[in-house]
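Please read the structure below before turning to the comments.
The values are calculated or read from the model by the stated rules, or taken from the named source; none is laboratory data. Please read these numbers as outputs of a predicted model, since none were measured by experiment. As a convention, Cβ positions derive from the backbone with ideal geometry for all residues, glycine included, and neighbour counts pool all protein chains shown. Areas reflect the complete protein model, heavy atoms only, side chains present, ligands, DNA and RNA absent. Shrake-Rupley method; radii C 1.70, N 1.55, O 1.52, S 1.80 Å.
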Amino acid sequence: MIPKSIATLFSRPGFIGLLTTILLATIGFNTTYLSYKVSEESDRNELLGLLGIMESNLEQYLSHCKSAALMMAYTINDQGEPQDFDSVAMQLLSNDRFDVIELLPNGVIEYVYPLNGNESVLGYNILEDPNRNLEALKARELKQMYFAGPIPLRQGGNAIIGRLPVYIKNEFWGFSAIVVNTEKFLNSLGIDELNKNDLLVQLSKVNPNTEEEEFFLPTIDGFPESSSKKVSVREGDWNIYLGFKNNTKSVYAVVPMAVLSLLLALIGGFFVMEILKKPSELEAQIEKHHVDLQLSERKYRSFFENAAIGVAHINPETGEFLSVNEKLCNILGYSANEMKLFTFNELTHPDDLELTNRRQKDIISGSIREFSIEKRYIGKNGQQVYVNVTVSPLWKSGEKPTTVIVLIEDISSKKDMEQKVLEGSIQAQEIQKNRIALEIHDGIVQELVASAIHAESLEKLKNNPYELSHRITALVALIKKITNDARDVSHNLLSADVSTMKMSELFSRLEQQLKSLTSIDFRMEVHILNEEDISDEIKINIFRVIQELSTNIIKHSKATFASITLEEIADDLFVNVRDNGVGMNSQSTIGIGTYTVRNRISKIGGTLQYNHPDSGGLEVTFSVPLA
């Protein structure tokens, strides 16, 4: 028999049909909302990706400007007089990246190429013009190239002006300036292509005189707005905004789903209402459905409790497992009885013990009431299991610690995905480094062209020993700079020939490069008998890790001595990197560089450890299986 209350309820099929419609509509609209959020997130990622491309294009273009300005600065001799200004400037303008090149002794424009059409700027003192001198003064204050504009030019037109402060014998000489037509500058960002692709772009800058933000592209009402994405360029204090012309496209994309959800909800409600109009025919089915629904609910609750996450009760003082659920046993591979033979710390990966114990002490002391961390457990078969652990006390503040409840979620699949993403990122970095190396090489070639121009001019000065000696000194300085640039490039972007060289040759070359870059006494030893046992993947990852650790020593350690040892023992390759510097604090172990090192070593099946010897400095050791 159906209870009277239920029978009364079913006697109102219209009401039940309405409730059904509301429930189905709620589910449908929730699904529609989630779809909208996914679409919105996709749009956001698309904007961020395009902004990254624009930023990269702009940085590359500004780098060319800096190289040209620096090249012109090298034409100035020790007496502050430019040499071969027109010929060098003409060579630099031949690639059509820039429009005008200027030299400004003490801020006064005295040298301009091309002069034709720019005669009106000769004698103009930028430092004495209160309407224009703030950005020039900023370049001199920063002692690096700074870009002004877009601004109107005295000779007509509108342009971006990059000014590089020049110093001779530590005394300010003036500026080396590069002038770029505003339209050419904007084309370097790829703005025309973006405008064709249903996107909005805006370039702005805070006026140093009025301190108000000025926009340089045609303004559109409502843009930029809160949903627009922005990137800032510090070399000119510019802001680049990017957004969609149609901000409602994500909404329009889910309208059909919303309409379909509403239609299905109406059909479902109508269907239920029609069924409930025949209670006498459906009484038995309703009773069975009610029983089945209860059974289904119990099954669902049981599945959720036992399969969702691992749960354990732990003694906070001893770390003993007091009770565990079946899910946790499945995660680690132990039975419930076996789990009680271990402590919390005994199953924790050694590298994660320090953080775990520190947080556990904070729980016991009452300084925190809960914490969540990602860590690793060691499973029954020895494998590492990545988990997200949430720990909460089961005692009130001020009471004696008794038991903590630990919720353990298996995130191994998430970590596997992160590893795959990292591997893809590493591979992309290799490709990107080779591409950048080629581009920088083109810049070095330009400097070689300039040195050739210097060399060709020497024969004309054979009857002037003093000037000839000065020119030779300037040429030697330029060649040394080119040599240092090439050495830096080869140190940071080496990859193509890593796999073809022997380990001893590869690290011998790295040792020489390190010694040329720093005064730190680097010493390297390689003891490997069977290099054929070492795969290209292991060789490249070990080389990149040692290169990263060496760079960190140079940048951060303040060391005077560093040693790097590679030794093959049995079926493993052991590596030790040690310095006598200031060591590493706990925050340094979670940076991007350290994260990359750990993941490179993990990728090739190795283990990594950071140590702080009593004698000072930092010691990094890792081993990699070769078999």
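Could you list, in sequence order, the residues of the range 325-362 that are among the small types (Gly, Ala, Ser) and in contact (Cβ under 8 Å) with a residue 24 or more places away in the chain? Answer for the range 325-362, where residues must be among the small types (Gly, Ala, Ser) and in contact (Cβ under 8 Å) with a residue 24 or more places away in the chain: just GLY333. Listed by position, the helices (runs of 4 or more DSSP H) enclosed by the range 302-421 that each have at least 2 residues that are open to solvent by 50 Å² or more (accessible area, probe 1.4 Å) and under 29 Å from TYR610 (Cα atoms) are 353-365.
Let's see how each residue does on (1) modelled with pLDDT under 80; (2) open to solvent by 50 Å² or more (accessible area, probe 1.4 Å):
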position	(1), (2)
LEU115	no, yes
ASN125	no, no
ARG132	no, yes
GLU141	no, yes
LEU203	no, no
PRO208	yes, yes
LEU217	yes, no
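Applying the set (1) in contact with a Pro (Cβ under 9 Å, 6 or more places away or on another chain); (2) open to solvent by less than 40 Å² (accessible area, probe 1.4 Å) to ILE564 leaves exactly one unmet item: (1). Looking at GLU283, GLU297, GLU320, GLU305, just one residue is at pLDDT 75 or above and either under 30 Å from VAL179 (Cα atoms) or charged (D, E, K, R) (or both), and that residue is GLU320. Going through (1) closer than 23 Å to LYS414 by Cα; (2) at pLDDT below 90 one by one, SER365 falls short only on (1). All conditions but one from (1) at pLDDT 75 or above; (2) in contact with a Phe, Trp or Tyr (Cβ under 7 Å, 6 or more places away or on another chain); (3) not aliphatic (A, V, I, L, M) apply to ASN187; the one that does not is (2). Taken over the range 597-627, the criterion of being of a type in the set (S, T, N, Q), touching a residue at least 24 places away in the same chain (Cβ under 8 Å) and in contact with a strand residue (DSSP E or B) (Cβ under 9 Å, 6 or more places away or on another chain) is satisfied by SER602, GLN609, THR621, SER623. Out of everything in the range 438-485 that is polar (S, T, N, Q) and within 32 Å of the chain's Cα centre (by Cα), what residue ends up being modelled with the highest pLDDT? Looking at residues that are polar (S, T, N, Q) and within 32 Å of the chain's Cα centre (by Cα), I get THR483.
Determine, yes or no, whether ASP78 is part of a loop (DSSP other than H, G, I, E, B), open to solvent by 40 Å² or more (accessible area, probe 1.4 Å) and either of a type in the set (Asp, Glu) or over 28 Å from ASN133 (Cα atoms) (or both).
yes
Can you say whether VAL526 is at pLDDT below 70, touching a Phe, Trp or Tyr at 6+ places or on another chain (Cβ under 6 Å), surrounded by 13 or more Cβ atoms within 10 Å (Cβ to Cβ) and not polar (S, T, N, Q), as far as the supplied structure shows? Lay out the reasoning, then the answer.
Values: at pLDDT below 70: no; touching a Phe, Trp or Tyr at 6+ places or on another chain (Cβ under 6 Å): yes; surrounded by 13 or more Cβ atoms within 10 Å (Cβ to Cβ): yes; not polar (S, T, N, Q): yes.
No: the conditions fail for VAL526.
Of all residues in the range 70-92, those that are closer than 18 Å to LEU448 by Cβ and not acidic (Asp, Glu) total 13. For the range 167-181, filtered to residues that are among the β-branched types (Val, Ile, Thr) and in contact with a Gly (Cβ under 7 Å, 6 or more places away or on another chain), the residue that is farthest from PRO105 (Cα to Cα) is ILE178.
Annotation: of all residues in the range 410-427 being at pLDDT below 75 and of a type in the set (A, V, I, L, M), the one that is nearest to SER602 (Cα to Cα) is LEU422.
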